[in-house]
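Report on one structure; see the data block that follows.
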Protein chains: 2
Amino acid sequence: MKNKLVTLLAAAIGLTAIGLASPSIKARQTVQTEVLDIIKQDVSSSTLSYDIVESLTTEVGARMVGTPGADAATDWAMAKMKALGFDKVWVEESQAQLWQRGDLTASITAPYPHKVVAIALGGSVGTNGQAINAEVAYFDDLTALQAAPEGSLKGKIAYVGYRMERHIDGHGYGKAVGARVAGASAAAKKGALAFIMRSVGTDTDRIGHTGMMRYEEGIAKIPAVALSNPDADLLENMLRREQPVTFSLNTSASGPTGDTVTIANVIGEVTGAETPDELITLGAHIDSWDVGTGAIDDGIGIGIVLAAGHYIATMEQRPARTIRVILFAAEEIGLVGVRDYVAQHKADMSQHMLGAEWDFGNGRIYELEPGVGPQALASVRDFANYLAPMGVGLASTNTAKGQSDMSLLGEAGQPAFNFAPDGLDYFDYHHTENDTLDKVDQDALKVNTTIYTLFAWYAANSGVDYRQ
Amino acid sequence: MKNKLVTLLAAAIGLTAIGLASPSIKARQTVQTEVLDIIKQDVSSSTLSYDIVESLTTEVGARMVGTPGADAATDWAMAKMKALGFDKVWVEESQAQLWQRGDLTASITAPYPHKVVAIALGGSVGTNGQAINAEVAYFDDLTALQAAPEGSLKGKIAYVGYRMERHIDGHGYGKAVGARVAGASAAAKKGALAFIMRSVGTDTDRIGHTGMMRYEEGIAKIPAVALSNPDADLLENMLRREQPVTFSLNTSASGPTGDTVTIANVIGEVTGAETPDELITLGAHIDSWDVGTGAIDDGIGIGIVLAAGHYIATMEQRPARTIRVILFAAEEIGLVGVRDYVAQHKADMSQHMLGAEWDFGNGRIYELEPGVGPQALASVRDFANYLAPMGVGLASTNTAKGQSDMSLLGEAGQPAFNFAPDGLDYFDYHHTENDTLDKVDQDALKVNTTIYTLFAWYAANSGVDYRQ
């Protein structure tokens, strides 16, 4: 109620704007600071985005494609969007490959026996009902594995020990994830029976990190698993003793079998009052891995974009353009939902004026990078100036294509804002059992929700063509 | 080699002492600062205690009573003591109750289904091959559970949500552990089918904390398990919705069956040159829980006391009294090994002049509390003054009875020094899968090993009767 009253008051006193409108924009004031101030005040004191994450993680929890949680998440999201006052809510269904984790046991069997904590990588095959027990061959990284002589891994289990680095922008992930994606086929080419690796994660917990892997066509499919970081340390300490180390792996991971399962992008809109066909998109992904409750990845994103949509839906003043919130399905297994979205929306992609996704966890936003046309930059700078007191810098580059799912909309021509948060702890929890509600930084979440709400309102009302 | 040379040099230049000898001590200088300085310099630059923990956790790992690791640990410890130059090494065997963890699955089944991470408490019975599925009744703490009306928990699962507090001296543990020990029988008295609790731990990891529980005589034995902290949060968030919450538990924990298993205290001595019958005891415990590799609890203790013994064993100058290192068996399941030790050593308990144990993990020692006779205090103050530049304060009290196992020697009359380390993070890892080598703070370990070596030398050569 306060929200509406304050907004009405702002309307009554008249709106003024700071900054220079770009030459192509005539009557529109691109940054309506009075409205932004009210949004900032209201949203920064609201716990709504956290409450949404609490609801999702408690009432649904894990929601991997092909599990009951995925369907429950679809229902939850539709009901939540309706309850939050979105004008239109719908799903767009398609198909994804089914993969099932099954059970897994792993151990070092010699020279010193230890049970170890390991987790199957997404897409991995199993061990056909019996354990693989073989000597471990060590490699520093994927490149070293790829350089192994032909046939040298025959009868062995290949192990890559590369340890992910911790960086604020998460760039250590890119250096580590190659082994996860391509390690199994690289090992199989040299004759290996299985592929094991140090988890792609920055933590020291006895919890493995899952995540998608891929088999190359025409190469034998061998099981692929990640060890927890402490177990990787243990294995390496044992290898350092220069005796043969043997490892036993038994997993009933099922896929890929070719079976498919229905997935659903869940979409909600707050309809624009002036140019409803022009879309400002806010993205997050609705699926998670099966092991945690998906609070960080990507419950926080869902909390942010639903809370932003709700706030604007309940303002007296309507946005000029339509705010479209898209909860993409099947992100974790390879951006499947967004591929379907792009395919289904080819005809109206030009109406996607500007988009931003949230799929990077917990930290406070410290930078905005745009990916817009040159004429739009003046307005972007005005908006960035507005955000600056909140600790958000403007990147010197203008190459953003959209984050996570939204990158495919970027490839399809949608301009984007990339908001970069402090990602120092993101890969402590990413794709693990430890991705749970208690990891959410509630203060940072309030700030980030405020910034996304400001973004949505600004973009919906700037009048700027971000392609120009 | 350096060690011996430097010690010889010190002997050559003559030893002087600071401080006042107590009136009962005549010729002996109680604090030989020149020797202590050499010990301090040598030990503080040595990685030996860490290397010992690495060896134990890699070559043995988990070593719960009744598992192959326990026997492997006995063999490892005897071999290690011999290799480290102890003069005598032996075991003293006895019997302990056998308990086996078995497997466990747990889930919230309604209103929103979730798999949860839980762990059987040590000594818990199982669920007889089928799951218990029942409504959860919430209690703030053990006292609230004990106050539940008679029969009110019939057909239910009792849950205690008390959250352990984090304190430097670990006193939050005492406030939390009562529910772990006595919760199952308290719940069974009111008719409960099973007892579940929030883990006794200060972390937010999706890993449960085990630890010993006890059944009261004449009360039905019901299964007792601990939830990881994030799963306890989840359960409580669900209970807050004021709908019935049901929980399913299936565990094949076996005990107690009455079967016993052989345990062994492993003892090593560096024989005193002047009064070999007078013993300075250094304690740690050799068993661990089965889930981690027991690096923190109590690998660090083993590393410290073996390294201290080794250093003194390799000094040219011999200690006046005998240094006895005791690695107690079966501490985790109720101080079983030390009970046997005390029973077997009644006759020579008066020869136990002074003892100290290490069983509190990782942090730097910040305080020394003695538990000695009044005439010995002057010498204790001199030694404490020597330690002060290392950040070790002297407690204002003189009531130490020995820590962990050593408390039973204290009850039997042995004077003690209690060294208090920073325990802020100890209960993040205590009794969990996360108790692994990477958690060891190598810098703090060097300091603490130095202090224990200084202690052993000081006590062996002070000439002080710590009972007086």
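Bear in mind these aren't lab numbers, they're just calculated from the coordinates by the rules spelled out. Here the structure is a predicted model, which means the values were calculated and not measured. Cβ sites come from the backbone with ideal geometry, for glycine too, and all protein chains shown count toward neighbours.
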So which residues in segment A:347-373 are part of a loop (DSSP other than H, G, I, E, B) and out of contact with any Ser or Thr (no Cβ under 9 Å at 6 or more places or on another chain), if there are any at all? A:ALA347, A:ASP348, A:GLY361, A:ASN362, A:GLY363, A:ARG364, A:GLY373
Among the numbered conditions (1) within 27 Å of A:PRO111 (Cβ to Cβ); (2) over 25 Å from the mean Cα position of the chain (by Cα), tell me where A:GLY272 comes up short. (1)
Residue count, segment B:105-139, condition in contact (Cβ under 8 Å) with a residue 40 or more places away in the chain, under 30 Å from B:ASP233 (Cβ atoms) and away from chain A (no Cβ under 14 Å), comes to 17
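Can you tell me which residue among A:GLN146, A:GLN130 is among the polar types (S, T, N, Q) and within 13 Å of A:ALA188 (Cβ to Cβ)? Lay out the reasoning, then the answer.
Numbers: A:GLN130 fails: within 13 Å of A:ALA188 (Cβ to Cβ).
From the options A:GLN146, A:GLN130, the qualifying one is A:GLN146.
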Looking at segment B:60-90 only, could you name the residues that are surrounded by fewer than 19 Cβ atoms within 10 Å (Cβ to Cβ) and part of a helix (DSSP H, G or I)? B:PRO68, B:ASP71, B:ALA72, B:ASP75, B:ALA79, B:LYS82, B:ALA83
Report, by residue number, each residue of segment A:273-317 that is within 14 Å of chain B (Cβ to nearest Cβ) and aromatic (Phe, Trp, Tyr). A:TRP289
In segment B:315-346, what count of residues is obtained for those that are within 30 Å of B:LEU98 (Cβ to Cβ) and not in a helix (DSSP H, G or I)? 14
Long-range neighbours under 7 Å by Cβ, at least six apart or interchain, first residue over 20 Å from B:GLU332 (Cβ atoms) within segment B:353-364, second surrounded by fewer than 24 Cβ atoms within 10 Å (Cβ to Cβ) and small (Gly, Ala, Ser): B:GLY363/B:GLY423; B:GLY363/B:ALA444; B:ARG364/B:GLY391; B:ARG364/B:ALA444
Assuming A:ARG180 fulfils every condition listed in (1) over 18 Å from A:TRP289 (Cβ atoms); (2) out of contact with any Phe, Trp or Tyr (no Cβ under 6 Å at 6 or more places or on another chain); (3) among the charged types (D, E, K, R) apart from one, which condition is it? (1)
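Can you spot a residue in segment B:414-423 that is within 14 Å of another protein chain (Cβ to nearest Cβ), in a loop (DSSP other than H, G, I, E, B), out of contact with any strand residue (DSSP E or B) (no Cβ under 8 Å at 6 or more places or on another chain) and under 24 Å from B:SER288 (Cβ atoms)?
We begin by selecting, within segment B:414-423, every residue within 14 Å of another protein chain (Cβ to nearest Cβ); these are none.
There is no residue in segment B:414-423 that is within 14 Å of another protein chain (Cβ to nearest Cβ), in a loop (DSSP other than H, G, I, E, B), out of contact with any strand residue (DSSP E or B) (no Cβ under 8 Å at 6 or more places or on another chain) and under 24 Å from B:SER288 (Cβ atoms).
Give me the residue from segment B:228-270 that is hydrophobic (A, V, I, L, M, F, W, C) and under 29 Å from B:ASP405 (Cβ atoms) and, out of that set, nearest to the other protein chains (Cβ to nearest Cβ). Please lay out each step first, then the result.
The first filter runs over segment B:228-270 and keeps only residues hydrophobic (A, V, I, L, M, F, W, C), leaving B:232, B:234-235, B:238-239, B:245, B:247, B:249, B:253, B:261, B:263-264, B:266-267, B:270.
Filter once more, keeping what is under 29 Å from B:ASP405 (Cβ atoms): B:253, B:261, B:263-264, B:266-267, B:270.
On the way: B:ALA253: 17, B:VAL261: 19, B:ILE263: 20, B:ALA264: 20, B:VAL266: 19, B:ILE267: 24, B:VAL270: 28 Å.
Here the residue is B:ALA253.
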Filtering segment B:93-104 down to residues that are surrounded by fewer than 17 Cβ atoms within 10 Å (Cβ to Cβ) and assigned to a strand (DSSP E or B), which residue is nearest to the other protein chains (Cβ to nearest Cβ)? B:GLU93
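Would you point out which residue out of A:ALA384, A:ALA444, A:ALA460 is closer than 30 Å to B:ASN434 by Cα and either touching a His at 6+ places or on another chain (Cβ under 6 Å) or in a helix (DSSP H, G or I) (or both)?
Among A:ALA384, A:ALA444, A:ALA460, only A:ALA444 is closer than 30 Å to B:ASN434 by Cα and either touching a His at 6+ places or on another chain (Cβ under 6 Å) or in a helix (DSSP H, G or I) (or both).
Collect the residues in segment A:105-132 that are assigned to a loop (DSSP other than H, G, I, E, B), over 27 Å from the mean Cα position of the chain (by Cα) and among the polar types (S, T, N, Q), keeping them in residue-number order. Spell out how you get there, then give the answer.
First, the residues of segment A:105-132 that are assigned to a loop (DSSP other than H, G, I, E, B): A:111-113, A:117, A:121, A:123-124, A:126-131.
From what is left, the residues that are over 27 Å from the mean Cα position of the chain (by Cα) are A:111-113, A:127-131.
A:THR127, A:ASN128, A:GLN130 - these are the residues of segment A:105-132 that are assigned to a loop (DSSP other than H, G, I, E, B), over 27 Å from the mean Cα position of the chain (by Cα) and among the polar types (S, T, N, Q).
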Listed residues A:ILE280, A:ILE267, A:ILE207, A:ILE196; which is under 30 Å from A:PHE86 (Cβ atoms), crowded, with 24+ Cβ neighbours inside 10 Å and hydrophobic (A, V, I, L, M, F, W, C)? A:ILE280
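If the requirement is being within 14 Å of chain A (Cβ to nearest Cβ), among the charged types (D, E, K, R) and either in contact with a Phe, Trp or Tyr (Cβ under 9 Å, 6 or more places away or on another chain) or within 16 Å of B:ASP141 (Cβ to Cβ) (or both), which of these qualifies: B:ARG206, B:ARG198? Steps first, please.
Values: B:ARG206 fails: either in contact with a Phe, Trp or Tyr (Cβ under 9 Å, 6 or more places away or on another chain) or within 16 Å of B:ASP141 (Cβ to Cβ) (or both).
Just one listed residue meets the conditions, B:ARG198.
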